[in-house]
Every structure is written in structure tokens, then in C-alpha cells.
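In what follows, a structure is listed as C-alpha cells, so that the remarks can point back to it.
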Amino acid sequence: MFLADKDRKALEAYLRENLVHPVTIRFFTQELECATCSDVRTLLEEVVALSPLLSLVVHNFLLEKEVAAAFRIDKIPAFTVEGEKDYGIRFFGIPSGYEFSGFVETLVSVSRRTTDLSESTKAFLGTLNRDVHIQVFVTPTCPFCPQAVVLGHKMALEGERVSSSMVEILEFPHLAYRYGVRAVPKIVINETVAIEGAVPEAFLVQKIIEALG
């Protein structure tokens, strides 16, 4: 059990008040190959049990390679958060510690099918004619990381050409090395533009423009 009784009751009430439309969590796992897959599955099962609007679909990463490829899942544990469609929102690693709040906020945004991004940002995202991939590297003990993750996920929800991934670097240290992550959150856009810290919405928009050249 990940959620204490009082936390479970509080979260159940929060989800009852804030969820609007159904949300599907699509989890990719292979427990014999993944040290934390079992923990992630347990956490997701506990959360999904708290609302009839939440559902969990589980895929075997090794045996369902075509499904993993279709959802652009190249490492585990991983899961998507989907509404009536796949918005390109990904979590790689367990959303524990401070990251749990970002996970819950993402569930609410997807359930509402909209975000509180400014109208100018939404308009900008609607004009994109090239793909934008936002990676946010985090650790569970970083209090500023959820803000960065949620901002990326909101942009994926609002932008057809935007995808956003949370990557927990303690579970994927090779990626921390590859991207030179020395402080978190670190945001990487299209493999070319990197930002350290939780940045404001307008600043991230400017960096997306920079990444697109």
C-alpha cells in the first residue's frame, strides 16, 4: 500500500470533486525485468480504485512490442494518461514523493480536457506545424519538479503536435548522464534546447520557438 488511509480518503474526495470525463492510464511493465514496475503498478491500482472515471490498462512491454512502439514507449516502467485520445503525455518512472501531486494534477487536466494555459499559449500551440517533444527530468525529492512536469503535460494536452514526458532519473541514470542532468528539474525540448529549473509558461513557449529554429 502506498496511500495511507487519510491520504486515500482525501484523494478520493478530491477526485470526486474534480474529475469530469473518463481517463485511461495505460501502463507498460515487465516485472521480471524492471525493479520498480511492481511498485508503479500498485500505486496506479490504488489511485484508479478511487474513482469510477479512472481505468487502468496493462501491457507487457516485451510481449506487446507493437503496442509499445505505437505509443512510443522505449523504456519501463512507463504509463500514458489518456482521455478520448492519446495526448502524448508520458510518465517514465514512479511519480512518488513530490511528483505524486503532478500526477494527480495531470489526471484532472486530462479529465477536464482543458487547461488553465493562457489563450495566447493555446493559440500558439494550435499553429505548430512541426512536432515538439518536451522531456522533464525529475527526482521524487524535488519540490519544483511537479510544476515543470505539469506545464509540459498541459502543453501536450492543448497542442496536437506536442508530447511531454516525465523522466525520473534515479530509475534511468543513463539518461541523466546522456542529457547532462546535474540539477532538476531539467527540461529538454526536441533534443536541442535545455533549461534548468521550473520556468514560467511564457518562457517555455519562447524556448519551444527556439527549439523549432
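Table for the structure above
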{"item": "Residue within the range 74-93 that is of a type outside the set (S, T, N, Q), outside any loop (DSSP other than H, G, I, E, B) and surrounded by fewer than 20 Cβ atoms within 10 Å (Cβ to Cβ) present", "result": "yes"}
{"item": "Near pairs, Cβ below 6 angstrom, 6+ apart or cross-chain, from the range 15-31 (more than 19 Å from Arg72 (Cβ to Cβ)) to any residue that is exposed (fewer than 14 other Cβ atoms within 10 Å of the Cβ) and modelled with pLDDT under 95", "result": "Glu31/Ser38"}
{"item": "Residue list for the range 32-66, restricted to those being in contact (Cβ under 8 Å) with a residue 24 or more places away in the chain, in a helix (DSSP H, G or I) and either β-branched (Val, Ile, Thr) or under 17 Å from Thr106 (Cβ atoms) (or both)", "result": "Val40, Thr42, Leu43, Leu44, Glu46, Val47"}
{"item": "Unique match (being closer than 30 Å to Tyr14 by Cα, of a type in the set (A, V, I, L, M) and touching a residue at least 60 places away in the same chain (Cβ under 8 Å)) among Val150, Val184, Val110, Val136", "result": "Val110"}
{"item": "Residue list for the range 102-159, restricted to those being among the polar types (S, T, N, Q), within 15 Å of Thr80 (Cα to Cα) and part of a helix (DSSP H, G or I)", "result": "Thr106, Ser109, Ser111"}
{"item": "Criterion (among the β-branched types (Val, Ile, Thr), on the phi < 0 side of the Ramachandran plot and either buried (at least 23 other Cβ atoms within 10 Å of the Cβ) or in contact with a Lys or Arg (Cβ under 6 Å, 6 or more places away or on another chain) (or both)) met by exactly one of Ile187, Ile169", "result": "Ile187"}
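The values are calculated or read from the model by the stated rules, or taken from the named source; none is laboratory data. From a predicted model like this one, the values you see are computed outputs, not experimental measurements. Note: ideal-geometry Cβ built from the backbone for every residue, glycine included; neighbour counts use all protein chains shown.
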